[in-house]
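The next block holds one structure in the form of structure tokens; read it before the comments.
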Amino acid sequence: MLKIDVVRSVAALRAATQPHRREGKRIGLVPTMGALHQGHLELVKVARRHADFIIATIFVNPLQFNANADLDAYPRDEATDLNLLAATGADLVFAPTVGEMYSKQFSTEVKVGELTRYLDGPARPGHFEGVATVVTKLFNQAQPDIACFGEKDYQQLQVIKRLTRDLDLPIEIIPVPTLREEDGLAMSSRNRNLTEKERIAAALLPAALRQAVQELQTGGAAAPILEKTRAALKSAGFSPIDYVELCDAETLQPLPAAREGSRLFAAAHLGQTRLIDNWPVL
Ligand code: AMP
């Protein structure tokens, strides 16, 4: 069994990090909600290339869940997570309690406008405020030089880049490409909740999106291609489909046709599990 230091309070996090910062080491942060898979571990590996002391955080943030049932169903397996982080070369784990992060009087919210008007913004009201608030807290708590975020949650990555710039946080945000299973499904903690049958059907999401990307790349109107993709997902058992949209990769504004810097985004439910994915188009 490998060992890794775990701290659960902000004071202990600061005490554990301070000596390394004083030595001039660059601090890297990898925020996660646990139930780790290779995608998360890739973030740790990338962080290692950019920083000397890597802090991984494990915190299932209640603020970013719209439904209590979704929060309750979120997979948790801290013992396995700690082993994986130790084996991958993280230096410290910050795993605070909900009470440590949010006092009873907690009443501040970080809200990123514009980017959150699209895609998961309307589909998950309050979600990005929850994400932006917890990430701002984690940034202030750990004071990293760099932080890694996955392109799997592409809108989240854009929201975090925006808030970092808007609030003048001296942190470099490093995007990490999506790690996928052999059949193309984006790795996600939520995949654990899929039944065997749903897991097989889930691979149709990346397959349908890749097909759409090819068609979008030939030019022409996006609407019929997106509609065909929604229909394909529906007949594969996805329901409801929250969105299949072609958007500008920077502003996330929906686009009527592919152009330089466009990206395809989808979110759809399979049974109790909500899956998201995105692919570059041009
Ligand atoms: P989560 O634990 O789902 O909040 O994810 C924590 C971080 O890992 C986020 O920056 C995610 O974008 C990233 N991540 C999750 N899944 C993947 C994946 N399949 N490939 C790359 N990064 C990922």
Taking the Cα centre of the stretch 27-102 as origin and charging only Cβ (+1 Lys, Arg; -1 Asp, Glu), how large is the dipole, in debye to the nearest 20? 260
Measure of exposure for R48: accessible area at 1.4 Å probe, Å² rounded to 10, is 90
Given Cβ charges of +1 for Lys and Arg and -1 for Asp and Glu, the option among I171, A186, N68 whose Cα lies farthest towards the positive end of the dipole of the chain is I171
Which of the trypsin sites (Lys or Arg not before Pro) across the stretch 73-157 are loop residues per DSSP, with 10 or fewer other Cβ within 10 Å? K104
In whole percent, how big is the carbon plus sulfur part of the accessible area of the stretch 5-73, probe 1.4 Å, protein atoms only? 50
Given the candidates T133, A202, I27, the one whose Cα lies deepest towards the positive end of the charge dipole of the chain, counting +1 at each Lys or Arg C-beta and -1 at each Asp or Glu C-beta, is I27
How big is the dipole moment of the stretch 104-157 about its Cα centre under a simple scheme where the beta carbon of each Lys and Arg is +1, that of each Asp and Glu is -1, and everything else is neutral? Debye, nearest 20, please. 220
Per the Kirkwood formula over distinct C-alpha pairs, the hydrodynamic radius of the stretch 21-176 in angstrom is 16.0
Grab the DSSP H runs of the chain that are 4 residues or longer, score each as -39,500 (n - 2.57), total them, divide by all residues and round the 222 nm result to the nearest 500 deg cm²/dmol. -12000 deg cm²/dmol
Vicinal HN-Hα couplings computed from phi for the stretch 90-95 (Karplus, 6.51 cos²θ - 1.76 cosθ + 1.60; Hz; Gly/Pro x): 6, 9, 8, 10, 9, 10
Charge dipole of the stretch 32-125 about the Cα centre (unit charges at C-beta), most positive-ward option of A123, N83, V112: V112
Fraction of beta bridges assigned by DSSP in the chain that are antiparallel (%, nearest 5): 45
Length-normalised contact order for the chain - Cα pairs under 8 Å, 6+ apart - percent: 18
Going through the cross-link list K137/K228; K152/K228; K111/K228; K25/K152; K161/K197; K152/K197, which pairs have a Cα-Cα distance over 32 Å in this structure? K137/K228; K111/K228; K161/K197
Report the charge-dipole magnitude of the chain in Debye, nearest 20, computed about the Cα centre from +1 at each Lys and Arg Cβ and -1 at each Asp and Glu Cβ. 280
Which is the longest stretch in the chain that no exposed loop site breaks, taking sites as GluC sites (Glu not before Pro) with a DSSP loop state and at most 16 other Cβ atoms within 10 Å? 24-108
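The values are calculated or read from the model by the stated rules, or taken from the named source; none is laboratory data. All values derive from a computational prediction rather than experimental measurement. Neighbour counts run over all protein chains shown; Cβ positions are idealised from the backbone, glycine included. To get the accessible areas, we keep the full protein, side chains included, count just its heavy atoms, and leave off ligands, DNA and RNA. Shrake-Rupley method; radii C 1.70, N 1.55, O 1.52, S 1.80 Å.
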